[in-house]
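Take a look at the structure below.
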Amino acid sequence: VGAGRAEVSNFSELSNRINRGAIWLLAEDDGSTPARLATDLARLLNDDDMRVFPVATLSGGRNLEDLIFLNGIDLAIVQADTVNAYRDIDAGLYDLMRKRLRYIIKLYDQYFHIIARTDIASYRDLAGKTLNFGPEGSNTFLTAKLVFSQLGVEVEKTSYSAIEAMARVVDGTI
């Protein structure tokens with residue numbers, strides 16, 4: 001019996017040490033920069049005392065909610081404008097985010113591209129057209145919604161994946 005207790009004690013100490021150094025990092029996984037960055041950070045930072053666990057997620061907006069409410073989540077990579085998008089989505093949650101979350105570091109610049117057929121010469125020509133903003137709640141969706149709102153250009157929004165959206169551009173439905 002004594003030997004069994006010693007083994008459990010060693011296991012318990014090992015478990016505590018491993019868990020103490022675990023960092024759970026959320027990143028939207030659509031082949032995006034945040035997903036690649038999370039994997040790179042894990043490769044660079046992992047050692048005997050710390051292990052970074054990238055968690056692939058479906059949307060940047062949901063990452064913020066999970067960071068606040070999901071047990072065990074330590075960090076999330078999100079675009080800077082994603083937090084601000086919550087002002088219009090859910091004011092109460094936006095206030096909670098501003099109280100409970102902290103900006104740590106700027107990691108990279110995010111570019112916003114508008115791809116259109118050759119008959120579109122300006123963003124103003126997109127008024128009334130159907131545009132794909134990416135999956136609803138994704139970083140791309142939230143940024144596109146914010147940009148077009150600030151430009152004052154009303155468009156019909158769709159939420160297709162990038163591959164499906166490109167196919168629809170080619171066939172003329174977008």
- Item | Of all accessible heavy-atom area on the range 72-174, the percent that carbon and sulfur account for (1.4 Å) | 51
- Item | Derived scalar couplings ³J(HN,Hα) [the range 166-174; Karplus, 6.51 cos²θ - 1.76 cosθ + 1.60; whole Hz; x for Gly, Pro] | 5, 4, 6, 5, 4, 7, x, 7, 10
- Task: Identify which of the listed values of P(r) over Cα pairs in 5 Å bins from 0, in percent was calculated from the structure shown: [x] 1, 8, 17, 20, 19, 14, 10, 6, 3, 1, 0; [y] 1, 7, 13, 16, 15, 13, 10, 8, 5, 4, 3, 2, 1, 1, 1, 0, 0; [z] 1, 8, 16, 20, 21, 17, 10, 5, 2, 0.
- Result: [y]
- Task: Can you work out the accessible area per residue across the range 65-132, with the rest of the protein chains kept in place, probe 1.4 Å, in square angstrom?
- Result: 75
- Semi-axes a, b, c in Å (a largest) for the range 28-107, each sqrt of 5 times a Cα gyration tensor eigenvalue, come to 24, 14, 11
- Considering only the other residues whose Cβ falls under 12 Å of the Cβ of Leu126, what net charge follows from Lys and Arg at +1 and Asp and Glu at -1? 0
- Note on the structure: Sorting Val55, Tyr123, Leu93 by the position of each Cα along the dipole of the chain (Lys, Arg +1; Asp, Glu -1; all at Cβ), the one nearest the positive end of that ordering is Leu93
- Message: So for the range 97-167, averaging the separation of alpha carbon pairs under 8 Å that are six or more residues apart and normalising by length, what relative contact order in percent results?
- Response: 31
- Item | Percent RCO, i.e. relative contact order, over the chain, from Cα pairs under 8 Å lying at least 6 residues apart | 19
- Message: Just to confirm the filter: which GluC sites (Glu not before Pro) across the range 144-173 are DSSP coil and have at most 14 other Cβ within 10 angstrom of their Cβ?
- Response: Glu154
- Message: As I understand it, the value is the acute angle between the Cα axis of helix 91-100 and the longest principal axis of the Cα atoms of the chain; what does it come to in degrees, rounded to 10?
- Response: 40
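The values are calculated or read from the model by the stated rules, or taken from the named source; none is laboratory data. Note that the structure is a prediction, hence the values are computed from the model and not measured. Note: ideal-geometry Cβ built from the backbone for every residue, glycine included; neighbour counts use all protein chains shown. These area figures cover heavy atoms from the full protein model, side chains too; ligands, DNA and RNA do not enter into them. Shrake-Rupley method; radii C 1.70, N 1.55, O 1.52, S 1.80 Å.
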